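J.: I'd like to ask you about the structure that follows.
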Amino acid sequence: MKKLILVVVRMLLSSSLFAAPEAWRNGERVPLWPEGKIPHFQEHQIGEMTDEAGGYPLKPKEGFDAAAHRMPYLEWFAAPTNANGGCMILISGGGYQNCCDVGLIKFWRDELTKIGFQCVNLVYRTPRAKGLPCHQSAWEDGQRAVRLVRRDAKKRGFDPEKIGVIGMSAGGHLTCLLATISQTPAYDKVDDVDETPCHINWAIPNAPAYNTLNGSKGDQSVKDGVSVVPSINPVFTVDAKTCPMCFHHGGNDPWSPNGSTLLYRELRKRGIPAELHLYADKPHGAHGFERALEFIRQMNFDGKLSKNEELHEHRFYPGDTIRTEKELLWPKGKMPDADICHPFDPYLVWFVPEKLKTKAIQVIVPGGGYWMCNFNGEGTPVAHYLNGKGMTAVVVMYRCPRPDGKPKHQVAWEDAQRAVRLVRSEAPARGLDPDRIGIMGFSAGGHLTLMTATNAKTPAYEPVDAIDQISCKLQWACPIYPAYSLTDGADQPNQTGGNDDSAVLVPEFSFDEDTPPMCFVHGDADGWAAMNSVKCWEKLRMMGRQSDLHTLAKRGHCFQMRAAPGTGSYTWMDRIWDFLSRKRLNK
């Protein structure tokens, strides 16, 4: 009992609401407005964070004088020792009722200063203004803050066109407002500062609240994307100065993650580089800060983007030796549709780690447009990575090229279902778990992954032996830049970039009740559009399958083949391992 009490006390002391003022909050404070000229001034509002104000107005901190804290402000932190020429504006969340993310602001300040950014904390007015939209006074303060930051850029040693914003929750929503509607004035001009443009150059919204129509009044949007088809909050007009953005959202957030997918769609329609990172099962919170740093690096906002490196077959080769075993998929003379494809015996290769650390198995189906199977380019490196983690991998060499007189995927689908059954049949003898099998594929192999994962109850072929009585159900799937998944790109690059809402998921994906959770990784600039993955993710969420999705700014098809260190296209396999770990599928 004493241990439990100590844990609770530590939690309370470490939370932003109960934390005592810290020495780190000693930056230079600059008021946002001239005295007496705060737009829409209301007596009940203050400009202060909860470490100083407590739970104002209901439970203010002892000794807090609200009248002395009416003015919102910028808090300029110490300049970085290795300045990269950029500035980051940090914005707390708190439902527009307070600015509560004290610890998060400190964390962002420390990490972003470390890589060379000048950091400044925006402390906007709370609680919500009365008789106005919930975000109105914060939006006014936000636009004013950007103008002040830009005006002072030369004095503080950064480029006025290298201003980024990172925010959480309501602060994430405010970040989206500043990023997408800077050409709409939030308030009437009060002085010459308001002649300065208020657009920003990049934005990193974390768990942005209120981005859907159902959340536009400042409420949760629990049903959006689950039982209700959501629509975007109409405040987001996405104007000509909309900047590149990097969204982060938990899949289990009551402030719907579909608010992030909907705004991401709007950026894709306009060709604005963006990243979307959705984390299965994660609640409301700031997740994946490392992905934000990779986005900054990929966009070269820190000026440190290096040259791409080629992906070689042995890049992930584990230090321990591995063993491979080749096995034919079909009994001799019993391969289905043998008469309509080229003479070729499809097979699989077991990649067995020297030190087995998990009983899970990853089946891998490489890509190649169903014209070829890129075994060594896409299959072997992934198998090596997983072997390094102690996981068994199985790479499938399915039949190519496309068969005559059948759907392009037909014989490959037959081979993929057979491979899953064969792997499941042999798992117990190999000390592996027959009920812990996933599939991963690239491009056409990503489409094949979706075919296999969403159609476990639909046999691709007539049984040829006892193995075909075994289930081909999967426990997870990882479609990597899947092609051919939308009706506007069923056999070619997506003609509308996948952004036309008339382009829906192809009918061959059944999404039956055995469909597992998935982890998607896709280049944002892929000709086989990232919308292939986004719309699949949205469908899975509607089904209750908590899944991951990661899109990578400025990256095209086969993004991993040439990638720069420090970017998401270089570390992408870690997203797969993170997903498996969070789901406890790799135990």
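The values are calculated or read from the model by the stated rules, or taken from the named source; none is laboratory data. Please read these numbers as outputs of a predicted model, since none were measured by experiment. Counting neighbours? That spans all protein chains shown, and the Cβs are built from the backbone with ideal geometry, glycine included. Surface areas here come from the heavy atoms of the whole protein model, side chains and all, with no ligands, DNA or RNA. Shrake-Rupley method; radii C 1.70, N 1.55, O 1.52, S 1.80 Å.
J.: How high is the FRET efficiency between Phe41 and Val228 when r is their beta carbon distance and R₀ equals 41 Å, given to the nearest 0.05?
T.: That pair, Phe41 with Val228, gives E of 0.65.
J.: Counting other Cβ atoms within 10 Å, keep those with at most 14, restrict to DSSP loop, and tell me which GluC sites (Glu not before Pro) in segment 448-556 are left.
T.: Glu513
J.: Still on this structure, please answer the following. So what is the relative contact order for segment 185-247, in percent, with contacts set as C-alpha pairs under 8 Å and at least six apart?
T.: Computed value for segment 185-247: 39 percent relative contact order.
J.: Same structure again: Highest first, please rank the peptides 27-35, 180-188 by the mean number of other Cβ atoms sitting within 10 Å of their residues.
T.: 180-188, 27-35
J.: Could you compute how much accessible surface Tyr317 exposes when probed at 1.4 Å, giving the result in Å² to the nearest 10?
T.: 100
J.: Also: Compute the relative contact order of segment 487-534 as a whole-number percentage, counting only Cα pairs closer than 8 Å that sit 6 or more residues apart in sequence. Intermediate values should be presented prior to the final figure.
T.: Values: 40 pairs, mean separation 22.2, N = 48.
It comes to 46 percent, rounded to a whole number.
J.: For segment 178-185, take each phi angle, set θ = phi - 60°, evaluate the Karplus expression 6.51 cos²θ - 1.76 cosθ + 1.60, and give the result in whole Hz per residue in order, putting x for glycine and proline.
T.: Calculated HN-Hα couplings, in order: 5, 7, 10, 9, 5, 7, 9, x Hz.
J.: I've got another one for you. Using θ = phi - 60° and the Karplus relation 6.51 cos²θ - 1.76 cosθ + 1.60, list the HN-Hα couplings for segment 97-111 in order, rounded to whole Hz, with x at every Gly or Pro.
T.: 9, 6, 10, 9, 8, 4, x, 5, 4, 4, 4, 4, 4, 5, 6
J.: Please name which of Asn532, Ala429, Ala138 has its Cα lying farthest along the dipole of the chain towards the positive end, using unit charges on Cβ (Lys, Arg +1; Asp, Glu -1) and the Cα centre as origin.
T.: It is Ala429, whose Cα lies furthest towards the positive end.
J.: Continuing with this model, one more query. Near the amide H of Ile364, under 5 Å away, which other amide H atoms are found, from residues 5 or more places off or on another chain, if H is placed in the peptide plane?
T.: Val394, Val395, Val396, Met440
J.: Would you work out the charge dipole size for segment 26-145 about its Cα centre, treating the Cβ of every Lys and Arg as +1 and the Cβ of every Asp and Glu as -1, and quote it to the nearest 20 debye?
T.: Working: 12 positive and 14 negative charges, 48 e Å.
For segment 26-145, the charge dipole is close to 240 debye.
J.: Which GluC sites (Glu not before Pro) in segment 60-163 pass both tests, a DSSP loop state and at most 10 other beta-carbon atoms within 10 Å?
T.: Listed in order of number, the matching sites are Glu62.
J.: Using a Förster radius of 51 Å, what is the FRET efficiency between Lys304 and Asp339 based on their Cβ-Cβ separation? Nearest 0.05, please.
T.: It comes to 0.35.
J.: Next question, about the same structure. Please give the per residue accessible area of the chain, computed with a probe of 1.4 Å over protein heavy atoms only, in Å².
T.: 38
J.: Just how large is the dipole of the chain about the Cα centre, in debye to the nearest 20, putting +1 at every Lys and Arg Cβ and -1 at every Asp and Glu Cβ?
T.: Numbers: 68 positive and 67 negative charges, 200 e Å.
Roughly 960 debye for the chain.
J.: Taking 0.36 nm per residue of separation and subtracting the Cα-Cα distance, what length does fully extending Asp219 through Thr324 add?
T.: Computed gain between Asp219 and Thr324 is 32.3 nm.
J.: Can you check what the net charge comes to around Ala186, using other residues whose Cβ is under 10 Å from the Cβ of Ala186 (Lys, Arg +1; Asp, Glu -1)?
T.: Local net charge: -2.
J.: Amide H to amide H under 5 Å from Glu309: which residues, 5+ apart in sequence or cross-chain, H placed 1.01 Å off N in plane?
T.: Ala563, Ala564
J.: If you don't mind, another one. Among bridges DSSP assigns within segment 331-472, what percent are antiparallel (round to 5)? Walk me through the numbers on the way to the answer.
T.: Values: 5 of 15 bridges.
Within segment 331-472, antiparallel bridges account for around 35 percent of the total.
J.: From Cα pairs below 8 angstrom and at least 6 apart in sequence, can you work out the relative contact order of the chain, rounded to a whole percent? Let's see the in-between values first.
T.: Values: 1363 pairs, mean separation 58.6, N = 587.
Answer for the chain is 10 percent.
J.: Here's something else I'd like to know. Count the net charge of all other residues whose Cβ sits under 9 Å from the Cβ of Ala153, scoring Lys and Arg as +1 and Asp and Glu as -1. Mind showing how you got there, number by number?
T.: Numbers: positive: Arg150, Arg151, Lys154, Lys155, Arg156, Lys162; negative: Asp152, Asp159, Glu161.
So the environment of Ala153 carries a net charge of +3.
J.: Counting only protein heavy atoms, what percent of the accessible surface of segment 96-215 is carbon or sulfur at a 1.4 Å probe?
T.: Answer for segment 96-215 is 51 percent, counting heavy atoms of protein chains only.
J.: Any chance you could run the full-extension gain for Asp110 through Ala78? It's 0.36 nm times the residue separation minus the Cα-Cα distance, nm to one decimal.
T.: Working: separation 32, 0.36 × 32 = 11.52 nm, distance 1.03 nm.
Working it through step by step, the gained length comes to 10.5 nm.
J.: What are the residues whose amide H is under 5 Å from the amide H of Ile46, where those residues sit 5 or more places off or on another chain and H is modelled from the backbone?
T.: Under 5 Å from the amide H of Ile46 lie the amide H atoms of Thr126, each far enough along the sequence or on another chain.
J.: What list of ³J(HN,Hα) values in whole Hz, one per residue of segment 370-382 in order, does the Karplus curve 6.51 cos²θ - 1.76 cosθ + 1.60 (θ = phi - 60°) give from phi, with Gly and Pro shown as x?
T.: Per-residue couplings from phi come out as 6, 9, 8, 10, 7, 4, 7, x, 10, x, 4, x, 5 Hz.
J.: Give the percent of DSSP beta bridges with both residues in segment 467-587 that are antiparallel, rounded to the nearest 5.
T.: The antiparallel proportion sits near 10 percent.
J.: While we're here: Excluding ligands and nucleic acids, what accessible area in Å² is computed for Asp468 using a 1.4 Å probe, to the nearest 10?
T.: Rounded to the nearest 10, the figure is 20 Å².
J.: Summing +1 for each Lys or Arg and -1 for each Asp or Glu, what net charge is found among the other residues whose Cβ lies under 12 Å from the Cβ of Cys400?
T.: Computed value for this residue: +2.
J.: Turning to a different aspect of this structure: Could you tell me the center-to-center distance, by alpha carbons, between segment 476-517 and segment 133-167 in angstrom?
T.: 39
J.: Report the antiparallel proportion of the DSSP beta bridges in the chain as a percent, rounded to a multiple of 5.
T.: Details: 29 of 76 bridges.
Percentage antiparallel, nearest 5: 40.
J.: While we're on this one: Can you compute the modelled spin-label distance between Val504 and Ala429, with each label point 7 Å from Cα toward Cβ, in nm?
T.: 4.6
J.: If I compute Cα Rg over 2.2 N^0.38 Å from the structure I just sent, which labelled value in (i) 0.97; (ii) 1.43; (iii) 1.05 lines up?
T.: Label (iii) holds the value from this structure.
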